[in-house]
Protein chains: 2
Amino acid sequence: MMRQVERIKEFGGWLERWQHESETCHCTMTFSVYLPPQAATQKLPVVFWLSGLTCTDDNVRVKAGAQRYCAELGLILVMPDTSPRGGDVPDVPERYDLGQGAGFYVNATQAPWSTHYQMYDYVTRELPALVEASFPVIPGRRAISGHSMGGHGALICALKNPGMYASVSAFAPICNPVVSSWGQGCFGAYLGDDKNAWEAWDATCLIKVGAPLPSALIDHGTADEFLAEQLFPQNLQAACTARGIPLTLRMQDGYDHSYHFIATFIGEHLAFHARAMAS
Amino acid sequence: MMRQVERIKEFGGWLERWQHESETCHCTMTFSVYLPPQAATQKLPVVFWLSGLTCTDDNVRVKAGAQRYCAELGLILVMPDTSPRGGDVPDVPERYDLGQGAGFYVNATQAPWSTHYQMYDYVTRELPALVEASFPVIPGRRAISGHSMGGHGALICALKNPGMYASVSAFAPICNPVVSSWGQGCFGAYLGDDKNAWEAWDATCLIKVGAPLPSALIDHGTADEFLAEQLFPQNLQAACTARGIPLTLRMQDGYDHSYHFIATFIGEHLAFHARAMAS
């Protein structure tokens, strides 16, 4: 049973927040959805947005400016939380980069995380099914995007589910988490010490072993304070080049890691997804 | 001496945050400014944005989506704080609607407020002079807008300074603060018990006594949770009608008091100001 907890008019459509008991994450999950004006009379394609470390479903809906473009393009935008939440859910309150707010869109295999931290199954199975059952979406007409940890999440969701998403895009994704300290911290906790097991959850590693990539658009900012130590776009680019996989990876001069960077290019990303889902 | 404390690239321009020792407010004041790409090569008109209760300079720059339109229209956007700040500045920490974050854009006359709470002089005198001395603006080519407390602030700045602003606009302004509890709380503290003194700081009262209004655009949401008890647009409308003053006051069906409402219509407001400043 989903319950609506908020409904705000915006750009002629409705920004809604919903809660439900997740069978996958074994806790109450919150997500937001923007229904553009066109959704009142027709079924529409859907873009899933995966947010970055520390975010909830609220950050993107407040900061990205995406709803304006969704209203122009006729896209539904679904914005899940970044992890399971609640008093029963394991957490490391003194760390922003592990536990609640840092689910990394993987299925945890290790105690105490594995009971709740099943964000991959949540965003690729439970949530799409809920969305298709509850909102006026064209079944199967999906794209996925995200930021930082969520940009990487978008990439692995696409790479691990051929045909499920018409297109994938990412802002400042952590392209190769097995070599970044953010990725290593979460993967070690959620997946255990066997680094071979990590590679099934790393976009660059998946490309190397032949996972197919749908139409893809990635933006990084050259002034991103995390670019050199956490993001490693050159590794993803090299893996794609070695496999002959086309990838549009743009280095945007002077932009940082913030939502001001996302706001600048979100319109291009949403137009990219609208085109991919129309074809 | 102004010092730049932040500089973020956005929509090809620069979102900057500055601090300076204010001669008017006798404390360190912070403001943000968005310089669109055109500012690199030419002087531009300026829109001042006055924020609402509890806000700093950060809320509008993160939530309104204004920078995109400023980049399209070639407008500089200046975003001051909503009050003086700091350990020496009087405050009522348990109240969101009095003291720091609630300057109401008046000049306080009462102790302990009067030393620092001179926001009217700050936003109409000190800040415009600083902006004209520091950024590539066309001198005197100004407009002003704002939200809620700041929407009212924009109105009184325009009403009390004929010719200073080409145009004024407001989102969900407190139109008649002398009859709203938010206005009464601040005016009583900052201006004292004599309610006659309040009327010089109330937009509806100023209209009644003949203050001239420049080209004006006001939007209220019909689902605004503060509409009936705090905002009183009908009082402003009646005062304008009685004086024969043209006023575009729109009741936007279904919209609330939030930045989602502002985001929906900020593009129209900025285009309105761009046209007024071009003529």
1/(1 + (r/R0)^6) with r = Cβ-Cβ of A:T241 and A:R275, R0 = 22 Å, i.e. FRET efficiency to nearest 0.05, evaluates to 0.35
B:Q234 and A:A228 label points (each 7 Å along its Cα→Cβ direction) are spaced in nm at 6.4 nm
If each part is reduced to its alpha-carbon centroid, the stretch B:1-58 and the stretch A:139-202 end up apart, in Å, by 37 Å
Put A:R275, B:R61, B:R7, B:R250 in order of accessible area, largest first, probe 1.4 Å, and you get A:R275, B:R7, B:R250, B:R61
Mean other chain Cβ within 10 Å across B:7-14 is 6
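Can you compute the charge dipole magnitude of the stretch A:142-279 about its Cα centre, using +1 on each Lys and Arg Cβ and -1 on each Asp and Glu Cβ, nothing else charged? Give it in debye, rounded to the nearest 20.
580 debye
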Output row for A:S114: copy-to-copy label distances, label 7 Å along Cα→C-beta, ascending, in nanometres, one decimal, is 7.2
dims of the stretch B:103-261, Cα set, principal axes, largest to smallest, nearest Å -> 42, 39, 33
Expected integer from the mean partner chain Cβ neighbour count at 10 Å over A:257-270 is 3
Label model pair B:H26, A:V179: point-to-point distance (7 angstrom along the Cα→beta-carbon line) in nm is 5.9 nm
Note to self: with every protein chain in place and a 1.4 Å probe, chain A gives an accessible area per residue in Å² of 35 Å²
Ranking A:S134, B:S32, B:S279, B:S258 from most to least accessible area with a 1.4 Å probe gives B:S279, A:S134, B:S258, B:S32
Rounded to the nearest 500, the 222 nm mean residue ellipticity computed for the protein assembly as shown from DSSP H runs (n ≥ 4, each -39500 (n - 2.57)) alone is -9000 deg cm²/dmol
At R0 = 41 Å the Cβ-Cβ FRET efficiency linking A:D253 and A:D88, nearest 0.05, sits at 0.35
Here P(r) for the stretch A:2-278, Cα-Cα distances in 5 Å bins, as whole percents, is 1, 6, 14, 18, 20, 18, 13, 7, 2, 0, 0
Shape descriptor, the stretch B:174-279: equivalent ellipsoid semi-axes (Cα gyration tensor, sqrt 5λ, whole Å, largest first) stand at 24, 19, 13
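Could you order the peptides B:141-147, A:86-92, A:50-56, A:99-105 from most to least packed, using the average number of other C-beta atoms within 10 Å per residue?
B:141-147, A:99-105, A:50-56, A:86-92
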Out of A:A166, A:Q4, A:P93 - ranked by how far each Cα lies towards the positive end of the dipole of the stretch A:2-278, with unit charges on the beta-carbon of charged residues - the top one is A:A166
Taking only the alpha carbons of the stretch A:228-271, the radius of gyration and the largest Cα-Cα distance, Dmax, both in angstrom, are 12.5, 33
Looking along the axis that carries chain B onto chain A, the residue of B whose Cβ comes nearest, with distance in whole Å, is B:G65, 2
Per-residue average of other protein chain Cβ atoms inside 10 Å, peptide A:55-62 -> 1
The pairs in B:K160/B:K208; B:K43/B:K63; A:K63/B:K9; B:K43/B:K160 lying past 18 Å Cα-Cα in this model are B:K43/B:K63; B:K43/B:K160
Sorted shortest first, the nm distances from the B:Q42 label point (7 Å along Cα→Cβ) to its counterparts in the other copies are 3.8
When the charge dipole of chain A is computed with +1 on Lys and Arg Cβ and -1 on Asp and Glu Cβ about the Cα centre, the Cα farthest towards its positive end, among A:C186, A:I76, A:A64, belongs to A:I76
Of the accessible area of the stretch A:2-278, computed with a 1.4 Å probe and all protein chains kept, carbon and sulfur make up a percent value of 51 percent
Note: A vs B interface, total accessible area buried (1.4 Å probe; ligands, DNA, RNA excluded), nearest 100 Å², is 1800 Å²
Its Cα gyration tensor gives the protein assembly as shown an equivalent ellipsoid whose semi-axes in whole Å, largest first, are 45, 24, 23
Toy charge model, Lys and Arg Cβ at +1, Asp and Glu Cβ at -1: the protein assembly as shown dipole around Cα centroid in debye, rounded to 20, equals 1620 debye
Rounded to the nearest 10 Å², the 1.4 Å probe accessible area of B:D194 is 90 Å²
Measuring from its Cα centre, the stretch B:2-278 shows a charge dipole (+1 at each Lys and Arg Cβ, -1 at each Asp and Glu Cβ) which, in debye to the nearest 20, is 900 debye
Here P(r) for the stretch A:124-184, Cα-Cα distances in 5 Å bins, as whole percents, is 4, 18, 24, 21, 17, 9, 4, 2, 0
Between A:Q4 and A:Y96, the two model label points (7 Å from Cα along the beta-carbon direction) sit apart by a distance in nm of 3.4 nm
at A:E199 the sorted inter-copy label distances (label 7 Å from Cα on Cβ side), in nanometres, are 8.2
Rounded to whole Å, √(5λ) for the Cα gyration tensor eigenvalues of the stretch A:1-103, largest first, gives 27, 15, 10
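The values are calculated or read from the model by the stated rules, or taken from the named source; none is laboratory data. Note that the structure is a prediction, hence the values are computed from the model and not measured. For neighbour counting, all protein chains shown are included, and Cβ atoms are generated from backbone atoms with ideal geometry for every residue, glycine included. Side chains are part of the model used for accessible areas, which takes the heavy atoms of the whole protein and leaves out ligands, DNA and RNA. Shrake-Rupley method; radii C 1.70, N 1.55, O 1.52, S 1.80 Å.
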